[in-house]
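Visitor: Before anything else, here's the structure in question.
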Amino acid sequence: MPTSSATPAILPIAAVSQLAFRDAMSGLAAAVNLITTDGPGGRAGFTATAVCSVTDQPPTLLVCINRSASVYDAFIENGTLCVNTLGNGQQDLSNLFGGKSSQQERFACGQWEAGVTGAPVLDSAKLALDCKVSQSVSVGTHDILFCEVVDIRHQSGADALVYFGRRYHHLPSETPAA
């Protein structure tokens with residue numbers, strides 16, 4: 001008697017609501033970063049936690065940017081960016097770059113210098129990853145920018161600023177001995 005290989009029934013999967021997704025993401029702690037660029041498209045920056053390592057060969061990370069953001073065109077045209085990771089005490093700078101202030105107002109705060117790519121590097125950043133954008137992929141409302149790291153500046157002993165539960169939190173640079 002022949003046997004039949006029945007195809008399993010595919011059940012419809014309900015979509016997760018935007019609110020449920022945002023609530024879930026608030027439970028993921030993430031470093032607070034100022035993403036900056038400068039070049040033919042102009043000088044621009046925004047606050048982001050959507051930054052992640054991709055591979056170390058070549059050293060690559062990803063940064064997510066909303067295509068409707070006022071800074072989007074500058075980042076795409078310039079093709080370079082710097083991920084400036086903030087430390088404790090830099091919450092006001094994060095709020096400034098995450099708000100509705102002008103680019104001129106944003107860069108008036110802090111000390112900035114041009115990185116290898118020309119992207120603005122914050123002198124007081126815990127970590128600065130200067131990058132050239134190597135690829136872009138569109139998903140939903142955002143583009144995922146794959147960025148090859150061409151220079152790194154790191155301040156050893158600097159405290160970290162993280163965002164978790166819709167609030168800033170401070171992580172000391174060293175864990176006290178038990």
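The values are calculated or read from the model by the stated rules, or taken from the named source; none is laboratory data. Computed from a predicted model, the values in this text were never measured in an experiment. Note that we place each Cβ from the backbone using ideal geometry, even for glycine, and neighbour counts take in every protein chain shown. Only protein heavy atoms, including side chains, enter the accessible area calculation; ligands, DNA and RNA are left aside. Shrake-Rupley method; radii C 1.70, N 1.55, O 1.52, S 1.80 Å.
Visitor: Multiply the residue gap between D73 and I13 by 0.36 nm, knock off their C-alpha separation, and tell me the result in nm, one decimal place. The partial results should precede the final answer.
Guide: Working: separation 60, 0.36 × 60 = 21.60 nm, distance 3.53 nm.
Net length gain for the segment: 18.1 nm.
Visitor: Follow-up question, since we're still on this one. Using a 1.4 Å probe, how large is the accessible area of F146, given in Å² and rounded to the nearest 10?
Guide: The accessible area comes out at roughly 50 Å².
Visitor: What ³J(HN,Hα) values, in whole Hz, does the Karplus curve 6.51 cos²θ - 1.76 cosθ + 1.60 give for the stretch 46-61 when θ = phi - 60°, with x put for Gly and Pro?
Guide: Ordered by residue, 3J(HN,Hα) equals 8, 8, 8, 10, 7, 9, 8, 5, 10, 7, 9, 9, x, x, 9, 10 Hz.
Visitor: Choose one answer from S68, S101, S17: the residue with the largest mean-square fluctuation in a GNM of the chain with alpha-carbon springs under 10 Å.
Guide: S17
Visitor: Restricting the calculation to Cα positions, tell me the Rg (one decimal) and the Dmax (whole number) of the stretch 110-178 in Å.
Guide: Over the stretch 110-178's Cα set, Rg and Dmax evaluate to 15.6, 47 Å.
Visitor: Under a crude label model (7 Å from the Cα following the beta-carbon direction), how far is E105 from N66 in nanometres?
Guide: With each label placed 7 Å out from Cα toward Cβ, I get 1.7 nm.
Visitor: Which of the following values of P(r) over Cα pairs in 5 Å bins from 0, in percent was calculated from the structure shown: [x] 1, 8, 15, 19, 19, 14, 8, 4, 3, 3, 2, 2, 1, 1, 0, 0, 0; [y] 1, 8, 14, 15, 13, 11, 10, 10, 9, 6, 2, 1, 0, 0; [z] 1, 8, 14, 18, 18, 14, 11, 8, 4, 2, 1, 1, 0, 0, 0?
Guide: [x]
Visitor: Of all accessible surface on the stretch 28-169 at a 1.4 Å probe, what whole percent is carbon and sulfur? Don't skip to the answer; put the middle values down first.
Guide: Working: 3570 of 6960 Å².
That fraction is 51 percent.
Visitor: Okay, next question. Considering Cα pairs under 8 angstrom that are at least six residues apart, work out the relative contact order of the chain and quote it in whole percent.
Guide: Numbers: 355 pairs, mean separation 43.0, N = 178.
Relative contact order comes out at 24 percent.
Visitor: Rounded to whole Hz and in sequence order, give me ³J(HN,Hα) for the stretch 27-41 from the Karplus expression 6.51 cos²θ - 1.76 cosθ + 1.60, θ = phi - 60°, writing x for Gly and Pro.
Guide: Along the stretch 27-41, the couplings run x, 9, 5, 8, 5, 9, 10, 9, 9, 10, 8, 7, x, x, x Hz.
Visitor: Can you give me the long-range amide H partners of T60? Hydrogens built in the peptide plane at 1.01 Å from N, cutoff under 5 Å, separation of 5 or more residues or another chain.
Guide: Correct list: V54, T55, V149.
Visitor: Apply the Karplus curve 6.51 cos²θ - 1.76 cosθ + 1.60, θ = phi - 60°, to the phi angles in the stretch 147-162 and return the couplings in whole Hz, x for Gly and Pro.
Guide: These are the phi-based 3J(HN,Hα) values: 10, 7, 7, 10, 7, 10, 10, 9, 9, 5, x, 7, 5, 10, 10, 10 Hz.
Visitor: Let me ask you something else. List the residues, sorted by chain then number, that are 5 or more residues from T80 or on another chain and whose placed amide H is less than 5 Å from its amide H.
Guide: V133
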